[in-house]
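Let me begin by presenting the structure, written as structure tokens, before commenting on it.
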Amino acid sequence: MEKYVINGGKKLSGEVAISGAKNAAVAIIPATILADSPCVIENVPNISDVSMIIRILYEMGASIRPINKSTIEIDTRRIHTPIVPYEMAKHMRASYYLLGSLLGRFHTAKVSMPGGCDFGVRPIDQHLKGFKALGADYSIEHGMIDVHADSLIGSQVYFDVVSVGATINVMLAAVKAQGLTIIENAAKEPHIVDLANFLNSMGADIMGAGTDVIKIRGVEHLNGISYSIIPDQIEAGTYMAAAVATRGDVLIKNIIPKHLEAISAKLEKIGAQIEEFDDSLRVSVPGELVKTSVKTMPHPGFPTDMQPQITAVLTLAKGTSIVTEGVWDNRFRYVDELRRMGADISVDGKVAVVEGREKLTGAPVKATDLRAGAALVIAALAAEGTTEIEDIYHIERGYEEIVNKLRGLGADIKKITIPGGVVRKAL
Ligand code: EPU
């Protein structure tokens, strides 16, 4: 078994460089299935969710050639199957992007129901509604989603809920469909714009990504290109939160400050000072941390993927803070673990009430999912004493070299393997 051992109480200081965005990479890599020639993808984060999607493409027949640490060439021309079995897809949510990509290229796809973080029901009805509007039939049997279309015809798709996954999947399926597709009530996250930029550079005709109406005029061919993935908004936000919780002073490099506006605004309310530069920002804490209210919302609202991390900061902010989860049904499972460290949090449905405490104390805890794990790392860095975090494979799904990056900021963190324990590799 592997765990992180963190001796807390050290202010983070120095510089940290942010890697490419996980949620853009796991969409752009499957999108290479639509290309007629090889693609070179740069700024690919070295995290287990990305290794997994690359491995799935490889197993399906794609050639993958690493060019350097964060650049790969992907040639999907020899993909020989539109089927992605359970064993491959079960570990990650984003395996469902193979549905849209394979449907777009082969007009048929059979992909196992997706895995990923467990925060309540994670339906895919909006993805299927979108495929159906484009003329595809689907069935779900024995845990496999089977989609098929004789031909894909552009259409109008109105989403009943704002869904990142459904917006991306319909873009992937529609980009080579005949005629015009209009997605209404589309998600607006930075990784949606990044995918649209990638597809447009390949020759697609997509307008409006980043607004709630996206228009896609189908094209016959998409060419392989070189493309660099945007920086990870949530990784950046996590280091910002860690800097604030430890009352540190950190320069966050290789970012797009605009993508971090909602996070910066909340951290400023809590007491952080944030200076923005072209592609970096500096976070410091001149005074005390104070309460605030946070409600997560689709972009440009406060991101749900930062909810556990900001809650960890608020456990140390003076006064009573209210955190409302506006996207997922059940994203407060990590609260029990923070309580083991002395946090005072009560949860009622989608609302958490956080009573700020003077200090947290180190304890043995478990990561229950990716961002929950990040919240525990933040709490541990700020806490008095030693915290041991188990089930770190969740954290390594989404944070490249977190131990080295934090050590570079002065944190006392190490990863240890318990002799005789089972090593569960991050998948
Ligand atoms: N929803 C439906 N029907 C659908 C799809 C979604 O009702 O067909 C609902 C969901 O139940 C949820 C809401 O719509 O209440 C939003 O879900 P969305 O589809 O936007 O989430 P997702 O695409 O499955 C992505 C990220 C998540 C992030 C959410 C919200 C990826 C691979 N995952 O998930 O990221 O929480 O958007 O921003 O992009 C993470 O990185 O830690 C992570 C979980």
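Laboratory data are not the source of any read-out in this text; all were calculated from the coordinates shown. Predicted, not measured: the structure shown is a model, and the values here were computed from it. Ideal geometry is used to build each Cβ from the backbone, glycine not excepted, and the neighbour counts take in all protein chains shown.
Worth pointing out:
- Counting other Cβ atoms within 10 Å as a rough exposure proxy, the listed residues 125, 391 run 125, 391 from fewest neighbours to most.
- FRET efficiency, 1/(1 + (r/R0)^6) with R0 22 Å, evaluated for residue 150 and residue 217 via beta carbons: 0.60
- Mean projection area, nm², convex hull over Cα of the stretch 317-381: 4.2
- Ascending count of other beta-carbon atoms within 10 Å, so fewest first, for 76, 320: 320, 76
- In the chain, taking the dipole from charged Cβ atoms about the Cα centre, the farthest positive-side position among 299, 226, 341 is held by 341.
- Farthest toward positive dipole pole in the chain [+1 Lys/Arg, -1 Asp/Glu at C-beta], among 309, 327, 216: 309
- The residues neighbouring residue 298, those whose beta-carbon lies less than 12 Å from its own, together hold a net charge of -1 under the Lys/Arg +1, Asp/Glu -1 convention.
- Pairs from the table (132/258; 129/366; 269/405; 69/269) lying more than 32 angstrom apart at Cα are 132/258; 129/366; 69/269.
- Value at 222 nm in deg cm²/dmol, rounded to 500, when DSSP H runs of n ≥ 4 in the chain each add -39,500 (n - 2.57): -8500 deg cm²/dmol
- Linear extension gain, residue 268 paired with residue 256, 0.36 nm per residue minus alpha-carbon span: 2.6 nm
- Percent antiparallel among DSSP beta bridges (both partners in the chain, rounded to 5): 70
- In the chain, Rg over Rh equals 0.97, where Rg is the alpha-carbon radius of gyration and Rh the Kirkwood radius from pairwise Cα distances.
- Sites residue 137 and residue 77 - FRET efficiency at Förster radius 22 Å, r taken between beta-carbons, to 0.05: 0.20
- log10 of Debye I(q)/I(0), alpha-carbon scatterers only, for the stretch 296-427 at 0.12, 0.14, 0.15 Å⁻¹: -0.46, -0.63, -0.72
- The stretch 125-173-the stretch 286-343 distance, computed between alpha-carbon centres (Å): 33
- In terms of surrounding Cβ atoms within a 10 Å radius of their Cβ, 26, 219 rank from fewest to most as 219, 26.
- Full extension of the chain between residue 318 and residue 1 gives 110.4 nm of extra length, using 0.36 nm per residue less the Cα-Cα distance.
- FRET efficiency estimate (nearest 0.05) - Cβ-Cβ, residue 416 to residue 288, R0 25 angstrom: 0.15
- Of all DSSP-defined beta bridges confined to the stretch 1-146, some 90% are antiparallel rather than parallel.
- Charge dipole (Cα centre; +1 on Lys/Arg Cβ, -1 on Asp/Glu Cβ; no other charges) of the stretch 22-228 amounts to roughly 260 debye.
- Descending semi-axes in Å of the stretch 49-97, equivalent ellipsoid built from Cα gyration tensor: 19, 14, 7
- Under 10 Å, Cβ to Cβ, from residue 362 - net charge with Lys/Arg +1 and Asp/Glu -1: -1
- The chain: most fluctuating residue of 133, 343, 166 per GNM, C-alpha cutoff 10 Å: 133
- Mean separation of Cα pairs under 8 Å and 6 or more residues apart, divided by the residue count, gives the chain a relative contact order of 22 percent.
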